[in-house]
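**Student:** Sharing a structure, written as structure tokens. Questions coming.
The values are calculated or read from the model by the stated rules, or taken from the named source; none is laboratory data. The structure presented is a predicted model; accordingly, all values stated were derived computationally and were not measured. Cβ: placed from backbone, ideal geometry, glycine included. Neighbour counts: every protein chain shown.
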Amino acid sequence: MGGLYNSIIKQIDYLDNMEYKIEQGKGRIRVDLHAIDMGEDLLVRIFNEGVHIGAVAIGEYDSHHKRTSVSVLTRLGHKDDAIARKSAYAISKQLKKTVCVVAGVHLENISQEEIDQILKNASELTQALLNSYNK
């Protein structure tokens, strides 16, 4: 995770919920991840400067069958489901809890190289979030 900006902010609010803010990359390929506990569940937003709601994924861990299932809603013409699905699955599986990931990453005239780097950044952010839970 070489370029990960370690700006993880942990704030305890009046409900004892933890909030996480992390960013990865610079310029056009910068991606942010914000997460907040919602009781036993977790709400995660993954976005860039073109922030919007492109896809929503809900990951749910089934402790009886020891597996994770993900459901995804994607807005017409958007590709954000790739980020939302992968992150929701990984987070729910490792933390064994329900997670909702809202992804909205947009760049005009995006290149394949930028797409690949944004996907990598989102994946690294997800892992950094999981690492912060394991401390």
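Per-residue answers, yes or no, for (1) in contact with a strand residue (DSSP E or B) (Cβ under 9 Å, 6 or more places away or on another chain); (2) crowded, with 19+ Cβ neighbours inside 10 Å; (3) among the aromatic types (F, W, Y); (4) outside any loop (DSSP other than H, G, I, E, B):
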{"residue": "V102", "(1), (2), (3), (4)": "yes, yes, no, yes"}
{"residue": "E108", "(1), (2), (3), (4)": "no, no, no, no"}
{"residue": "A122", "(1), (2), (3), (4)": "yes, yes, no, yes"}
{"residue": "L125", "(1), (2), (3), (4)": "yes, yes, no, yes"}
{"residue": "L129", "(1), (2), (3), (4)": "yes, yes, no, yes"}
{"residue": "S132", "(1), (2), (3), (4)": "yes, no, no, yes"}
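**Student:** Let me ask you something else. When L43 is evaluated against the numbered criteria (1) crowded, with 19+ Cβ neighbours inside 10 Å; (2) closer than 16 Å to I22 by Cβ, which criterion, by number, is the only one it fails?
**Tutor:** Going through (1) crowded, with 19+ Cβ neighbours inside 10 Å; (2) closer than 16 Å to I22 by Cβ one by one, L43 breaks only (1).
**Student:** Does L42 satisfy the criteria of being modelled with pLDDT of 95 or more, part of a strand (DSSP E or B) and farther than 20 Å from S123 by Cβ?
**Tutor:** No.
**Student:** Now for a different question. Which residues, taken from region 46-67, are in contact with a Gly (Cβ under 9 Å, 6 or more places away or on another chain), surrounded by fewer than 20 Cβ atoms within 10 Å (Cβ to Cβ) and among the β-branched types (V, I, T)?
**Tutor:** V51, I53
**Student:** For region 40-82, what are the residues that are farther than 15 Å from Q94 by Cβ and free of Cβ contacts under 8 Å to residues at least 12 places away in the same chain?
**Tutor:** Answer for region 40-82, where residues must be farther than 15 Å from Q94 by Cβ and free of Cβ contacts under 8 Å to residues at least 12 places away in the same chain: H64, H65, L76, G77.
**Student:** While we're here: With the structure loaded, tell me whether A90 is of a type outside the set (D, E), part of a helix (DSSP H, G or I) and closer than 17 Å to N131 by Cβ or whether it fails that test.
**Tutor:** So A90 fits the description; yes.
**Student:** Here is a further query. Let me spell it out: the conditions are (1) touching a residue at least 60 places away in the same chain (Cβ under 8 Å); (2) buried (at least 18 other Cβ atoms within 10 Å of the Cβ); (3) assigned to a helix (DSSP H, G or I), and A35 meets all of them except one. Which number is the exception?
**Tutor:** So A35 meets the others, but not (3).
**Student:** Shifting gears a bit: Could you pull out the residue among Y14, Y20 that is exposed (fewer than 11 other Cβ atoms within 10 Å of the Cβ), of a type outside the set (A, V, I, L, M, F, W, C) and either part of a strand (DSSP E or B) or at pLDDT below 95 (or both)?
**Tutor:** Matching residue, one of Y14, Y20: Y14.
**Student:** So the check is Cβ under 6 Å with 6+ separation or different chains; which pairs have a first residue in region 112-135 that's under 17 Å from V101 (Cα atoms) and a second one that's loosely packed, with under 15 Cβ neighbours inside 10 Å?
**Tutor:** So the pair list comes out as E124/M1.
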